[in-house]
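Input: a single structure, listed below in structure tokens.
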Amino acid sequence: MSKIIYTNNIKLYLGDAYDANNETFLKDKNINTIICVAEDIKIVLKNSPNIIVYKYNLQDTYECNISQYFDEITDIIHKSDILLVNCVAGISRSATFVIAYLMKYYKMNLKDAFLYVRKRRNQICPNKKFMTYLYEYEFKLFNQNSLTYEECIQLFYYT
């Protein structure tokens, strides 16, 4: 689990399926919201009935149009205070949503948001199609892109 944002208003963590089911960790961090963006993951919280769990059955494939959930999930993140966004490994789907959140609510361009998250969780690796969706989302948000499409893909491959 990686701490992405830690301010008075929001504490945002990015993690994997193990983290989402680790009740000791969740309690220690006072996490009250989990956004799980992966299919085939069960979150079983026997001793944490007050944690709100949002579950999205998304695949880490080129066929999954993850972008249709950008606004919905980033809005949930923004309305939460101490939360975990997770997928199976915490590197592709969940990282994509955290990057989208930083772009939308922190007004970061794609490159800066990607590098910010990568600095805090160096194993992130959104798949190429998810990077394309983030590239398109940046244009939707700011009416311009901070990178060419080729630079976007190079960022994904080489950072």
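Identify, by number, the condition in (1) within 22 Å of M131 (Cβ to Cβ); (2) in contact (Cβ under 8 Å) with a residue 60 or more places away in the chain; (3) touching a strand residue (DSSP E or B) at 6+ places or on another chain (Cβ under 9 Å) that T61 doesn't meet.
Exception for T61: condition (3).
In segment 118-158, what residues are surrounded by fewer than 19 Cβ atoms within 10 Å (Cβ to Cβ) and of a type in the set (D, E)?
E136, E150, E151
Please tell me if L115 is surrounded by fewer than 19 Cβ atoms within 10 Å (Cβ to Cβ), out of contact with any Lys or Arg (no Cβ under 7 Å at 6 or more places or on another chain), over 16 Å from I73 (Cα atoms) and of a type in the set (A, V, I, L, M). Let's see the steps before the verdict.
Values: surrounded by fewer than 19 Cβ atoms within 10 Å (Cβ to Cβ): yes; out of contact with any Lys or Arg (no Cβ under 7 Å at 6 or more places or on another chain): yes; over 16 Å from I73 (Cα atoms): yes; of a type in the set (A, V, I, L, M): yes.
Yes; evaluated as a whole, the condition is true for this residue.
Only strands (runs of 3 or more DSSP E) wholly contained in segment 1-88 count here; list those with 1 or more residues that are among the hydroxyl-bearing types (S, T, Y) and farther than 22 Å from K119 by Cα.
Values: elements: 2-6, 11-15, 33-36, 52-55, 82-86.
Qualifying strands (runs of 3 or more DSSP E): 33-36, 52-55.
No lab work stands behind these numbers, since they all come straight from the coordinates. Computed from a predicted model, the values in this text were never measured in an experiment. So basically every Cβ, Gly included, is an ideal-geometry build from the backbone, and we count neighbours across all protein chains shown.
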